[in-house]
Amino acid sequence: MSDKLKAQITAYLRARMPEAGAIEINALSRIHGGASRETFRVRANMENGGERGLIFRRDPVSTLIETERQIEFAAYRSFRDSDVPVPGALFLETETRWLERPFFVMEEVEGGTAASILSADPYGAHAEAIGHQFFSILGRIAVRDVASSDLAKHSEKPAPDKAWMRELAHWEKVIDEDELEPQPIARAAIRWMRRNPPPPAQRISIVHGDYRTGNFLHDGQGRIIAILDWEMAHLGDPLEDLAWALDPLWAHHNPARPAGTISREAGIAGWEKASGLKADAKALQWWSMFASLKGIAIWISSAKEFQSGDNTDPVMAFSGLYCLPYHNKVLADRLVALNAGARS
């Protein structure tokens with residue numbers, strides 16, 4: 001890691017945390033894998049407080065998805081001191097004088113690891129324990145009081161019967177702007193979703209927006225210790241999160257075990273118990289279609305960024321080459337099944 005960046009972070013911490021006394025950076029490393037922020041792990045030795053782990057999340061020059069750092073920071077703050085485990089969100093910086101681009105700082109959650117969707121068995125013997133927590137925590141996110149949350153100050157609250165409309169319009173616009181070639185399957189899915197809207201949301205909740213394998217830390221012993229990557233958080237229908245968590249891409253080695261954990265039925269039951277809500281079959285069918293369409297929009301943006309050379313991170317190429325055709329097939333299969341059901 002560059003000496004310049006190390007010096008910049010040292011200067012920032014000394015200015016932001018004068019009570020810590022003298023501060024020296026013991027270690028600085030880049031955490032790869034994210035597509036919407038540049039993430040750095042910092043180990044800082046503080047005269048008053050000893051060594052401390054911090055995470056810096058900086059806006060990249062080019063990003064897979066356009067997100068607002070203030071939204072992500074507010075989402076983390078919305079769950080501080082709650083039963084949803086999140087890192088402590090410390091500082092939000094919109095000025096560019098410190099690290100050239102805006103960023104925010106979080107506490108490092110130590111002793112955790114994140115699984116990969118490339119792993120056929122990401123949690124091993126702890127899959128069942130992780131799975132029950134995974135869906136239970138998602139249910140607890142759904143019942144967080146919206147009005148008193150930090151996120152409510154920065155995210156518009158849709159009417160229960162308009163949440164689906166806003167999200168569909170947003171991701172359709174992404175496809176319109178970023179597609180490099182025609183997307184007939186996505187367009188057919190959009191037509192179906194507009195003709196068959198879901199029931200109104202049971203409640204408007206905080207929606208994580210990217211709740212899946214890879215976006216939480218576990219301790220290796222069957223315990224989830226932090227939910228990460230809230231950059232797509234917003235207010236909306238909590239079934240949006242449930243459908244995304246159940247999407248087959250996150251368990252493509254064995255789609256019968258969402259997120260590589262427990263069965264779909266067990267996951268839904270755990271979410272319902274924790275949230276007090278019902279996973280209405282018609283609504284979940286719609287949001288499941290939407291999840292794969294949203295995925296297609298993200299992967300299309302990825303392909304565009306990589307093709308243009310604006311972002312050459314390998315994750316961008318993988319998203320365009322593997323995830324995009326995968327979600328196209330998922331949507332095509334669902335449309336075929338819907339049409340067959342309509343004819344029977």
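Computed from the coordinates by the stated procedures, all read-outs in this text should not be read as laboratory data. None of these values were measured; they are calculated from a predicted model. Ideal geometry is used to build each Cβ from the backbone, glycine not excepted, and the neighbour counts take in all protein chains shown.
Using only side-chain charges placed at the Cβ, +1 for Lys and Arg and -1 for Asp and Glu, the dipole size of the chain relative to its Cα centre rounds to 700 debye. At an R0 of 25 angstrom, the distance between the Cβ atoms of Thr312 and Asp121 translates into a FRET efficiency of 0.25. Placing a label point 7 Å from the Cα of Ala337 along the Cα-to-Cβ direction, the residues of the stretch 288-321 whose backbone N falls under 11 Å of that point are 288-289. Using the Cβ of Gly260 as centre and a radius below 14 Å, the other residues enclosed give a net charge of 0, where K and R count +1 and D and E count -1.
Could you work out the relative contact order of the chain? I mean the mean sequence separation of Cα pairs under 8 Å and 6+ apart, divided by the number of residues, in percent. Here the relative contact order equals 18 percent.
Counting lysine pairs in the chain whose alpha carbons fall under 16 angstrom apart, excluding pairs fewer than 8 residues apart on the same chain, gives 4. Ordering 183-196, 289-302, 264-277 by mean Cβ neighbour count within 10 Å, with the highest value first, yields 289-302, 264-277, 183-196. Ordering of 311-319, 136-144 by packing is 136-144, 311-319, highest average first (other Cβ atoms within 10 Å, averaged per residue).
What residues have an amide H closer than 5 Å to that of Leu90, excluding those fewer than 5 places away on the same chain, when H is modeled at 1.01 Å from N in the peptide plane? Counting only residues 5 or more places away or on other chains, the set is Val105, Met106, Glu107. In a reduced charge model with +1 at each Lys and Arg Cβ and -1 at each Asp and Glu Cβ, the stretch 3-107 shows a dipole moment near 240 debye about its Cα centre. Sparsely packed loop sites in the stretch 2-54 (the GluC sites (Glu not before Pro) outside DSSP H, G, I, E and B with at most 12 other Cβ atoms within 10 Å) comprise Glu47. Modelled label positions at Glu272 and Phe91, each set 7 Å beyond Cα in the direction of Cβ, lie 4.8 nm from each other. Farthest toward the positive end of the dipole of the chain, out of Leu13, His252, Trp230, is the Cα of His252, where the dipole comes from beta carbon charges about the Cα centre.
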